[in-house]
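As structure tokens, the structure follows; a few thoughts come after it.
Nothing in this text is a laboratory measurement; each read-out follows from the coordinates by a stated rule. Just so you know, these numbers come straight off a predicted model, no measurement behind them. Cβ: placed from backbone, ideal geometry, glycine included. Neighbour counts: every protein chain shown.
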């Protein structure tokens with residue numbers, strides 16, 4: 001490393017953010033990047049640790065120490081070349097990834113980790129600004145055609161890799177926009193849609209064909225695609241939300257998180273909803289679910305002008321620091337406060353929602369009870385939970401958003417037409433080559449793996465592309 005004692009000499013310096021009172025009045029990204037000299041100093045904090053645990057913590061095995069050191073030395077173009085070897089879309093992961101690499105950073109044993117995520121996004125943005133990223137069309141085409149169903153991060157990564165391997169790739173998207181959850185799920189203030197569109201336009205210029213408003217299994221049968229293409233990759237995501245089948249669930253004003261988030265993203269892109277707009281304005285909002293999707297709902301509700309926002313979590317409150325049974329370099333199971341939580345939200349842990357009540361068909365109250373957790377079961381690793389007698393409470397709730405995760409792909413004709421096998425978790429089952437039980441049909445991303453991170457979806461797309469390339473090259 002260029003500055004061997006940089007980790008001792010320099011302190012962590014994160015990106016700044018717009019003040020809460022300013023950023024909640026718009027939908028744009030609100031981080032304020034560091035100047036180049038400060039980014040070089042942050043790169044210098046990457047220590048000569050011998051074994052780069054950050055790399056093993058990264059699902060796509062980014063060569064992190066190399067590009068940290070190159071940034072420190074001011075060699076940004078070479079840093080970009082090193083970054084693009086492993087990551088098709090650093091502009092996405094550099095914005096929305098929870099950075100498992102930083103949890104695994106050797107410095108994180110007892111100090112602040114290197115700001116890997118900030119350096120990553122700074123490299124890719126400098127590469128775009130400096131004009132280092134240009135269309136790279138294959139010199140010749142292989143003559144093989146691949147159809148990819150779904151244009152989320154897994155589908156896009158798979159398409160990008162196969163296109164670079166000289167194959168002709170067509171991406172089918174059932175919605176009107178390309179990008180999957182990148183475009184319709186993640187709010188603008190975390191990932192500006194111009195960033196997604198910039199990458200899509202680049203892929204188009206490199207020969208990838210995109211077809212929107214085409215739902216496979218409805219507009220075109222999967223069997224028809226199989227007749228026209230040499231291979232198919234299913235990358236439609238895990239879109240079936242986990243429901244809360246309790247009394248009052250049918251009241252108006254209770255929605256799945258993705259119903260809510262996708263509508264706001266479409267609104268930001270100019271669509272109107274003719275009086276059917278889901279809005280938090282002047283309402284008491286309750287978000288059930290403490291993950292990233294719940295956080296996105298919170299930030300969206302605040303920007304829409306919610307009267308109050310409450311976040312309920314079934315699980316117990318995590319500790320502020322790692323527990324003894326959660327050592328480095330594992331993912332730290334600690335309490336995290338998102339930027340949306342900072343903007344004005346109350347959180348209650350260890351809560352089970354029991355029922356909803358309302359007036360004139362509209363939800364008005366949420367009835368819940370507190371939980372307690374026993375000792376961890378060594379066989380399952382789980383702590384048994386039980387209700388605390390007499391801890392019942394009620395919350396005002398004019399809008400309830402269910403952000404409790406997803407249970408796998410939607411079981412529609414895309415899957416049923418050819419009887420594609422599912423695994424025990426209801427995801428699309430594949431063999432060691434990522435192929436389903438139907439020869440020539442592969443799967444990638446959340447549809448195969450289950451609900452996960454954008455960076456894991458990129459890993460899935462890249463890996464499946466390797467197997468497809470091998471299959472059609474025989």
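Quick one: if you take sqrt(5λ) for each eigenvalue of the C-alpha gyration tensor of the stretch 6-130, what semi-axes come out, biggest first, whole angstrom? Working shown, then result.
Numbers: eigenvalues 100, 58, 44 Å².
Those come to 22, 17, 15 Å.
Would you calculate, for the chain, the mean residue ellipticity at 222 nm contributed by helices, counting each DSSP H stretch of 4 or more residues as -39,500 (n - 2.57) and dividing by all residues, to the nearest 500?
About -9000 deg cm²/dmol.
If you average 1/r over every pair of different alpha-carbon atoms in the stretch 254-402 and take one over that average, what Kirkwood value in Å do you get?
Over the stretch 254-402, the inverse of the mean reciprocal pair distance is 16.9 Å.
Under a no-solvent Debye model with one identical scatterer per Cα of the stretch 316-455, what's log10 I(q)/I(0) at q = 0.20 Å⁻¹?
-1.21
With the convex hull built on the Cα atoms of the stretch 118-217, state its orientation-averaged projected area in nm². Could you put the intermediate results ahead of the total?
Details: hull surface 28.2 nm².
With every direction weighted equally, the projected area is 7.0 nm².
Arranged by the count of other C-beta atoms within 10 angstrom, fewest first, what order do 334, 369, 298 take?
Arranged by neighbour count, lowest to highest, 334, 369, 298 become 334, 369, 298.
What FRET efficiency would be calculated for the residue pair residue 321, residue 220, taking the C-beta separation as r and a Förster radius of 51 Å, to the nearest 0.05?
The formula returns an efficiency of 0.45 here.
Where both residues lie in the stretch 276-378, what percent of DSSP beta bridges are antiparallel, nearest 5?
55 percent
Taking other Cβ within 10 Å of each residue's Cβ, how do 346, 66 sort, fewest first?
Ranking 346, 66 by Cβ neighbours within 10 Å, fewest first, gives 346, 66.
Match the structure shown to one of the listed values (i) 21.7, 74; (ii) 23.2, 72; (iii) 21.6, 68 of Rg and Dmax of the Cα atoms in Å, computed from it, and give that label.
Among (i) 21.7, 74; (ii) 23.2, 72; (iii) 21.6, 68, the one derived from this structure is (ii).
Whole Å is fine, so just give me how far the alpha carbon centre of the stretch 44-98 lies from that of the stretch 308-341.
26 Å
Under the rule a/c < 1.5 gives rounded, and otherwise a/b versus b/c splits prolate from oblate, where does the stretch 118-174 land using the Cα gyration tensor?
Because a/c hits 1.5 or more and a/b fails to exceed b/c, the stretch 118-174 counts as oblate.
DSSP beta bridges in the chain, what fraction antiparallel, as a percent rounded to 5?
40 percent
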